[in-house]
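Asker: Following this message is one structure expressed as structure tokens.
The values are calculated or read from the model by the stated rules, or taken from the named source; none is laboratory data. Treat the numbers as computed from the prediction; the structure is a model and nothing was measured. Backbone-built Cβ (ideal geometry, glycine too); neighbour counts: all protein chains shown. The area values use the complete protein model at the heavy-atom level, side chains included, leaving out ligands, DNA and RNA. Shrake-Rupley method; radii C 1.70, N 1.55, O 1.52, S 1.80 Å.
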Amino acid sequence: MLKKLSEISFLLLVFSLPFANLPIPFDPGFPFQITEPIFLAASALLALSVLSGGRNIRGGKIYFFIAAYLVFIAVSVCFSEVQRVSAVKAAGIAYLGALTLLSFNCVEGKRMIRQSVLAWIAATVAVSAFSVLVLILFYVDRDLSIVRYGLSHYGTFPPGNYPRIQSLFANPNMLAHYLGIGWVLLLVAKRKEWIPPALFAVSAGIVAIAAIFTLSPGLGVFFLGTGLWMLLVEKAGGVRKAAAAGMIAIALLFVVVTAVRFDKNFAPVAEPSARVLTWSSAASNFVAHPLTGKGVGTFAADAAYGSQRLRDAHNLFLNVAAESGIGAVAAITVFGVWLTVSGFRGRRRGEQGAVVGKGLAIAFAGAFFYQGLAGSFEDARHLWVLAGMLAAVSVESKGEAADE
């Protein structure tokens with residue numbers, strides 16, 4: 001019973017991820033968010049299940065990688081320019097590591113893997129449906145509170161008669177980041193026949209519409225994920241292989257576009273983009289503090305862009321490097337490489353058994369490496385939960401492949 005309850009609570013945690021920015025009890029001043037109490041409940045139930053003999057704690061290299069990252073974060077706190085701020089941020093990073101280990105230990109066996117993926121998809125469709133609702137109501141009455149809640153400012157885009165949607169997330173880029181993962185998981189569910197074709201088509205359409213109106217450079221991950229899926233899972237040949245290569249090329253073009261500045265008519269101008277400015281500033285801060293960074297949680301960059309003051313590096317690797325130094329960025333990068341490779345090399349899997357591992361690896365690589373080039377997503381809860389799910393699928397459970 002305890003094992004069952006711990007699994008149910010974990011599935012609720014997975015479903016809660018896109019709703020994390022809804023404070024409890026819907027008061028902006030309340031310090032905790034919906035995912036936190038679910039995490040505590042799931043962790044407690046997992047611990048009780050282990051103590052009662054209902055399940056065992058998994059072993060694996062993942063503990064080493066997370067510990068290494070946390071050690072370098074702790075060193076950064078010790079040499080931080082603002083130690084109090086860094087200590088609070090370090091506690092948050094330790095929580096993210098705990099999320100990964102919880103996922104690693106809860107996602108055990110083919111049933112739990114299937115349910116975890118479906119819970120993620122259900123949440124993805126739910127948040128996408130809300131985004132579509134905001135889109136429709138924008139053209140009905142954009143002064144409605146639900147519309148204002150779901151909209152974002154235009155950022156570097158020129159204002160116009162179109163919405164830029166952030167839905168239930170803090171910003172549109174984070175929404176696009178989350179939806180990119182859900183898109184690949186939809187492909188997994190379709191291939192494994194976990195959802196009917198008609199439901200897949202409707203869900204994919206809703207997710208695609210929601211993603212388009214994020215107006216995020218992270219949209220390239222949809223092309224990347226689909227292209228890699230066609231090449232590595234479906235093993236496309238001929239025309240389909242050329243189409244997959246074209247999708248990957250389009251994804252790379254999205255990254256290039258982030259380095260270009262556009263005027264109000266969307267025409268390129270000979271000035272550095274906002275991201276180029278933040279990348280340069282963060283790189284300078286890293287060069288000035290190469291070993292320990294400025295201090296985790298402090299501003300990685302400081303760039304002026306029009307009337308805006310940009311303090312985030314808008315790059316996962318530069319953000320970690322500038323704040324926490326070379327050891328931390330090396331640790332998190334090696335962790336990402338190990339996870340991705342593990343997903344493609346899951347032990348003793350058949351062709352069908354490899355689908356989930358490869359799908360999660362594609363989703364993780366897109367969210368971590370690709371979208372990490374133009375966004376600082378190292379603190380995204382859903383990324384760390386995905387990391388734990390990928391690690392779980394990549395190892396054996398009781399002598400069998402995890403997803404067979």
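Asker: Take residue 64, project a point 7 Å from its Cα along the Cβ direction, then tell me which residues of segment 318-348 have their backbone nitrogen under 15 Å from it.
Answerer: 331-332, 334-339, 342
Asker: Taking only protein heavy atoms and a 1.4 Å probe, what accessible area per residue, in Å², does the chain have with all protein chains in place?
Answerer: 43
Asker: So, in nm, how far is label residue 91 from label residue 111 when the simple model puts each one 7 Å beyond its Cα toward the Cβ?
Answerer: 3.9
Asker: Now a separate question. What are the ³J(HN,Hα) values, in whole Hz, obtained from phi via the Karplus relation 6.51 cos²θ - 1.76 cosθ + 1.60 with θ = phi - 60°, for each residue of segment 204-221 in sequence order, with x given for Gly and Pro?
Answerer: Along segment 204-221, the couplings run 4, x, 5, 5, 5, 4, 4, 5, 4, 7, 6, 6, 9, x, x, 4, x, 5 Hz.
Asker: Now a separate question. In whole angstrom, note down how far apart the Cα centers of segment 286-327 and segment 126-154 are.
Answerer: For segment 286-327 versus segment 126-154, the Cα centre distance is 33 Å.
Asker: Between residue 140 and residue 250, what FRET efficiency comes out of the Förster formula 1/(1 + (r/R0)^6) with R0 = 41 Å and r the beta carbon distance, rounded to 0.05?
Answerer: Taking R0 as 41 Å, the efficiency between residue 250 and residue 140 is 0.80.
Asker: Roughly how many nanometres apart are two label points built 7 Å out from the Cα toward the Cβ at residue 44 and residue 330?
Answerer: 4.1
Asker: Measure off, as a whole percent, the carbon and sulfur share of the 1.4 Å-probe accessible area of segment 272-329, all protein chains present.
Answerer: In segment 272-329, the share of accessible area belonging to carbon and sulfur is 62 percent.
Asker: Scan the chain and hand back the longest stretch that contains none of the chymotrypsin sites (Phe, Trp or Tyr not before Pro) lying in DSSP loops with at most 12 other Cβ atoms within 10 Å.
Answerer: It runs 267-404.
Asker: Please turn the phi angles of segment 237-248 into ³J(HN,Hα) values with the Karplus equation 6.51 cos²θ - 1.76 cosθ + 1.60 (θ = phi - 60°), one per residue in order, whole Hz, x for glycine and proline.
Answerer: Per residue, the Karplus-derived 3J(HN,Hα) values read x, x, 4, 5, 5, 5, 5, 5, 4, x, 5, 5 Hz.
Asker: I'd like the distance between the alpha-carbon centres of segment 98-117 and segment 176-224, rounded to an integer number of Å.
Answerer: 21
Asker: If you plug each phi of segment 79-92 into the Karplus form 6.51 cos²θ - 1.76 cosθ + 1.60 with θ = phi - 60°, what whole-Hz ³J(HN,Hα) values come out, in order, with x for Gly and Pro?
Answerer: Running phi through 6.51 cos²θ - 1.76 cosθ + 1.60 with θ = phi - 60° gives 10, 5, 5, 9, 5, 5, 5, 5, 5, 5, 5, 4, 5, x Hz.
Asker: What nm distance separates the two modelled labels at residue 36 and residue 259, each placed 7 Å from Cα along Cα→Cβ?
Answerer: For the pair residue 36/residue 259, the computed spacing is 4.0 nm.
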